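Asker: Could you have a look at this structure, given as structure tokens, before my questions?
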Amino acid sequence: MTSSPTDPTDSGATGGYLLDNARAEAGERFVWLAELFDGVTRGHFERLGVGPGSRCWEVGAGGTSIPAALAAMVGPTGYVLATDLDTSWLQENDGYDVRRHDVAADPPPEPGTFDLVHARLVLVHVPDRARALATMAAALRPGGWLLIEDADTALQPLACLDDSGPEQRRANRIRNAIRELLAGRGAELRYGRTLPAALRAAGLADVAASGSFPVGGVACDRLEASTIRHVRRELIAAGLADDAELDAHLAAIGAGRLDLTLAPLISAWGRAGRMRAGGGQSVVVEGVEP
């Protein structure tokens, strides 16, 4: 879930994460991102074998939905750690531990012990992505899974796939303006498609990936509206949109006249190698012991 992977400074400043956790709109975005993508993410958890007794690290957790879902899956014999730079939206009494952690700068918590490490919509915003991936991979036990889910906004950059009318074309202009702001803050808009190669470069085996993106519906509308409110000041300050244009866009969303979509969410996973007796690492193949 969207988190604050860089310093959670005021997003009106020159640097920092554009969609930081500090504003009320972040909580709205967490709700609608959960509605849109939690089913996809939970399906990956189940397929990768998360269950009673599993140890899981949720990186850049942002809100509560994924840590709480993991806690329910692992039960009282398992363990879930939720980390972020800004942990103010997390609730430790929901069955998981909460810790402030910078995945691109801090060492891995409890290295070599986790069955699953997961991050969603985090690394696209982290400047040192390779270091962050290495930190997460180092936290895995032999045979544990790393699951990274990130957007590729360059792969599908439109807000409205059918841009046949002026309201749809305005929505696409505004979406492009937000992409420009994100790129200016260091986001890698083509990152999602690179995930399989990045996981292999981090030393993981059995790497595979899939993609998902919704088209239309209340959750897409509400997410778009909360995002516009979150970055409105920055769009206007950068001369990328004006009040009248943003108000008209929000009105069209509220009236349900737009079939809004998102950038594809690319989910990629890979497995840590298993250590052979006497040293050296072997590849873990599903169903085959090395």
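The values are calculated or read from the model by the stated rules, or taken from the named source; none is laboratory data. Only a predicted model underlies this, so the values are computations on that prediction, with no experimental measurement involved. Because the Cβ atoms are built from the backbone with ideal geometry, glycine has one as well, and the counts that use them run over all protein chains shown. These accessible areas exclude ligands, DNA and RNA; they are computed on the full protein's heavy atoms, side chains included. Shrake-Rupley method; radii C 1.70, N 1.55, O 1.52, S 1.80 Å.
Asker: Pairs of Cα atoms under 8 Å, at least six residues apart: use those to get the relative contact order of region 67-167, whole percent.
Answerer: 22 percent
Asker: While we're on this one: Over the chain, what percent of the accessible surface lies on carbon and sulfur atoms, probe 1.4 Å?
Answerer: On the chain, the fraction of accessible area on carbon and sulfur atoms equals 53 percent.
Asker: State the label only: which of (i) 14.8; (ii) 21.1; (iii) 13.4 corresponds to mean projected area of the Cα convex hull in nm² computed from the shown model?
Answerer: (i)
Asker: Regarding region 99-145, what is the average projected area of its C-alpha convex hull, in nm²?
Answerer: In nm², the orientation-averaged hull projection of region 99-145 is 3.2.
Asker: Okay, moving on. If S226, S210 are ordered by their accessible area, calculated over protein heavy atoms with a 1.4 Å probe, which sequence runs from highest to lowest?
Answerer: Largest accessible area first, the residues go S210, S226.
Asker: Calculate, for region 79-163, the solvent-accessible area per residue in square angstrom, rolling a 1.4 angstrom probe over the heavy atoms of the protein chains.
Answerer: Value for region 79-163: 36 Å² per residue.
Asker: Moving on. At 0.36 nm per residue, minus the direct Cα-Cα distance, what do D128 and E46 gain on full extension? Give it in nm, one decimal, please.
Answerer: Fully extending the segment from D128 to E46 adds 26.6 nm.
Asker: Follow-up. Just to be sure I understand the model, the point goes 7 Å from the Cα along the line to the Cβ. What's the resulting I236 to R200 distance in nm?
Answerer: In this crude label model, I236 to R200 measures out at 4.8 nm.
Asker: Work out the length of the dipole vector of the chain about its Cα centre, built from +1 on the beta-carbon of each Lys and Arg and -1 on the beta-carbon of each Asp and Glu, and round it to the nearest 20 debye.
Answerer: So the magnitude is around 680 debye.
Asker: Right, something else. Counting only helical runs of four or more DSSP H residues, what would the 222 nm mean residue ellipticity of the chain come to if each run contributes -39,500 (n - 2.57) and the total is spread over all its residues? Could you put the intermediate results ahead of the total?
Answerer: Details: 7 runs with 102 residues, N = 290.
Computed ellipticity for the chain at 222 nm equals -11500 deg cm²/dmol.
Asker: Let me ask something else. Semi-axes of the equivalent ellipsoid of region 169-231: what are they in whole Å, largest first, if each equals the square root of 5 times a C-alpha gyration tensor eigenvalue?
Answerer: Equivalent-ellipsoid dimensions as semi-axes: 29, 16, 10 Å.
Asker: In terms of solvent-accessible area of protein heavy atoms at a 1.4 angstrom probe, what is the ranking of W269, W57, W32, highest value first?
Answerer: The ordering from most to least exposed comes out as W32, W269, W57.
Asker: What nm value, rounded to one decimal, do you get for the distance between D247 and D38 when each label is placed 7 Å out toward the C-beta?
Answerer: Distance between label points: 3.6 nm.
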